[in-house]
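This report concerns only the one structure given below.
The values are calculated or read from the model by the stated rules, or taken from the named source; none is laboratory data. Since the structure is predicted, the reported quantities are computational estimates derived from the model, not experimental observations. Here Cβ is always computed from backbone atoms with ideal geometry, including for glycine, and neighbour counts include all displayed protein chains. Calculation scope for accessible area: heavy atoms of the full protein, side chains included, ligands and nucleic acids excluded. Shrake-Rupley method; radii C 1.70, N 1.55, O 1.52, S 1.80 Å.
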Amino acid sequence: MNFENLKYNAWAKNENTEKTSGRVSYSQFSMWSACPHSWKLKYIAKQEMEPGIHMTFGTSMHETLQYYIYVSHTQSATEADKLNLDVILRERLEYNYINDKGDGEHFSTPEELEEFYLDGVAIIHWLKKHRSEFFKIQDFELIGIELPINMPVFEDYSVNIIGYLDLVFLEKSTNTIFIIDIKTSTSGWNKYHKNDKVKTSQLVLYKKYFSEQYKHPIDKIKVSYHIIKRKVPKDPEYKVMLRRLQKFEPSSGSVTINRLMKSFRQFIEDTHDKEGNRLLEKEFDAISNGGKNCRFCTFKDMHDLCDPKKRK
Ligand code: SF4
């Protein structure tokens, strides 16, 4: 099994391989929303994201869980439960660590890798026990894993949005699509995470474009984040705190979609011309938001690219 390319698309007839001159992703939009100047720098400095253990662990958990779901739905739950997911996770972690490190320095230690691995094993064991609460098989058809979205953003722009959906199911009896995005987190999302529109709007945007590309009624699409928690309290006040998976459904009705599309349109107008070229000659505001945006920004110490005096 080729884990890096574990892609499955039962509705491949709706795949769109047409290329436009401009391509945007949700992460570009979220970058621009926080600090437009960082969006511009990403394309000028062509700075790659620095690897980190959280990213490596996230990728490895995605691959392991997606494979488990794939076998559950294309073979059977019994076959899926026979898989040695502990071994698969270890192999994926080792492979992804080497791959993410590339020629660079080590970004983790054997001890830290082992800690993340054991957290992953605890998640897997919990999920296998509770699978039917989150991933139903009967009446649910697996439509896609890493299902591609590739759609023109607006009719008057030669720009496409590109995205990949972690898991997509069809509940056959109700003709309802369920789009699931898996997030890895240290201890789950609190109310601030849930109220963070930039964090939660990704699936709302994907819902709209999925409906158009795969020709499925938008009111028959549900979206949810499945947040898997690496850590749970040792002595929890309530048993529910031991749950390793938290489900969050962002509001995604027509009012939310319309509001989101207005700011998505602003992003496209601000950053591209109608032919799909990026407007990299233009000045963009450097928004530090009291330093909050800069804390994890790749450009925070590159003062020639982002002058601290000009940060707002
Ligand atoms: S360092 Fe701060 S102000 Fe500068 S690009 Fe990054 S987020 Fe924006």
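Extending each Cα 7 Å along its Cβ direction at Glu79 and Phe296, get the distance between those two points in nm, one decimal.
Each label point is offset 7 Å from its Cα along the Cβ direction, giving 3.8 nm.
What net charge do the residues around Ile137 carry, taking every other residue with its C-beta under 14 Å from that of Ile137, with Lys and Arg at +1 and Asp and Glu at -1?
-2
Which value, in debye to the nearest 20, describes the size of the charge dipole of the chain about its Cα centre when Lys and Arg Cβ atoms bear +1, Asp and Glu Cβ atoms bear -1, and nothing else is charged?
In total the dipole reaches around 1180 debye.
Picking from Gly291, Tyr70, Ser38, whose Cα lies most toward the positive end of the charge dipole for the chain (charges on Cβ: Lys, Arg +1; Asp, Glu -1)?
Going by the charge dipole, the pick is Gly291.
Determine the share of the chain's accessible area contributed by carbon and sulfur atoms, expressed in whole percent, with a 1.4 angstrom probe.
Carbon plus sulfur share of accessible area: 50 percent.
So which residue, out of Thr176, Thr184, Thr78, gets the largest mean-square fluctuation from a GNM of the chain using Cα contacts under 10 Å as springs?
Result for the chain, Cα springs under 10 Å: Thr78 fluctuates most.
How do Phe264, Phe154 rank by accessible surface area computed with a 1.4 Å probe, from largest to smallest? Write down the numbers at each step before the final one.
Working: Phe264 0, Phe154 35 Å².
My answer, sorted largest first, is Phe154, Phe264.
Given a 10 angstrom Cα cut-off, can you work out which residue in Arg278, Arg265, Arg23 is the most mobile in a GNM of the chain?
Of Arg278, Arg265, Arg23, the most mobile in the Gaussian network model is Arg265.
Assuming a ≥ b ≥ c are the square roots of the Cα gyration tensor eigenvalues, decide whether the range 197-312 counts as rounded (a/c under 1.5), prolate (otherwise, with a/b larger than b/c) or oblate.
Oblate shape, in that a/c is at least 1.5 and b/c is the bigger or equal ratio.
What does the charge count around Asn289 come to, taking other residues whose C-beta lies under 12 Å from its C-beta (Lys +1, Arg +1, Asp -1, Glu -1)?
Around Asn289, the surrounding residues sum to +3.
For the range 3-271, what Kirkwood radius comes out of the mean inverse Cα-Cα distance, in Å?
Taking every pair of different Cα atoms in the range 3-271, averaging 1/r and inverting gives 20.0 Å.
Less than 10 Å Cβ to Cβ from Met31, Lys/Arg counted +1 and Asp/Glu -1: what total charge do the surrounding residues give?
After counting each charged neighbour, the total is +2.
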